[in-house]
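Asks: Following this message is one structure expressed as structure tokens.
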Amino acid sequence: MKLIIDDADIEAIRRMAAYYPVDGVTTNPTILSRTGRKPYEVLKEIRDFLGDEQELHVQVTAADAEGMLKDADRIRKELGPQTFVKVPVTREGLKAIRLLSERGVSVTATCIYTRMQAFLAGKAGAVYAAPYVNRIDNLGGDGLQTVRDIHDIYRKNDIPCRVLAASFKNSNQIQELVKYGIGAVTAPPAVIEGLIGNALVDMAVADFARDFEKIAGSGITMAEA
């Protein structure tokens, strides 16, 4: 399962990539707006840092299919043809997904709340489908089960689309999807940090260091012992 950073803060992205085995970055218009900077200025900075090997997902903002195609052309012109174009799964979005897929564009279908949205996006040719786990929960649904069901729908119907689950409130939600083996998750830095944060681990490391100092001296590590 791929682990992707859901953020546009370049310093946060650099920090996360220095410590965690991440596979790329997802953005959306809201995330970009938080930077207070011009969108392509931010996105080019992220692309330069990621290089061509890691994934970058960038969302269209036009409401109609024709406009989405124009947005996709500009996104790929500015950020490279390997960039994933995020398209909301609306009626117009489905048309755009199909047309973009026919052109060989890698599409991430987004704004997914239902299994049928995901099914149709996969049928239209999307590479990824991004259901919103926490937002589905907030509407009275079961976000994690919806993601698992979408994963199964793709496998059982031989649809070569992968789930890229989004909208998480805690790291335990990600753990449940790791166990199920979905395609990818994207989460903000704070949630990714929660995957490893454990006071008991910190306590054990401190105990080991204190015990080692008894035989090697204060502040001495194995390199100097």
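Asks: Pairs please, first residue from segment 123-152 and open to solvent by 50 Å² or more (accessible area, probe 1.4 Å), second anywhere and of a type in the set (A, V, I, L, M, F, W, C) and not in a helix (DSSP H, G or I), Cβ atoms under 7 Å, 6+ apart in sequence or on different chains.
Replies: Listed pairs, sorted by first residue: Lys123/Ile159.
Asks: Kindly indicate the residue of segment 80-122 that is surrounded by fewer than 20 Cβ atoms within 10 Å (Cβ to Cβ) and among the aliphatic types (A, V, I, L, M) and also nearest to Ile159 (Cα to Cα) among those meeting that condition.
Replies: Across segment 80-122, the extreme among qualifying residues is Met116.
Asks: Could you check, for segment 14-24, whether at least one of its residues is in contact (Cβ under 8 Å) with a residue 12 or more places away in the chain and touching a Ser or Thr at 6+ places or on another chain (Cβ under 8 Å)?
Replies: No, that holds for no residue.
Asks: Output the number of residues of segment 158-173 satisfying the condition of being open to solvent by less than 80 Å² (accessible area, probe 1.4 Å) and not β-branched (Val, Ile, Thr).
Replies: Going through segment 158-173 one residue at a time, the tally reaches 9.
The values are calculated or read from the model by the stated rules, or taken from the named source; none is laboratory data. The structure displayed is predicted, hence computed values, not measured ones. Positions of Cβ are backbone-derived with ideal geometry, glycine not excepted, and every protein chain shown enters the neighbour counts. Remember, those area values only see protein heavy atoms, side chains included, never the ligands or the DNA or RNA. Shrake-Rupley method; radii C 1.70, N 1.55, O 1.52, S 1.80 Å.
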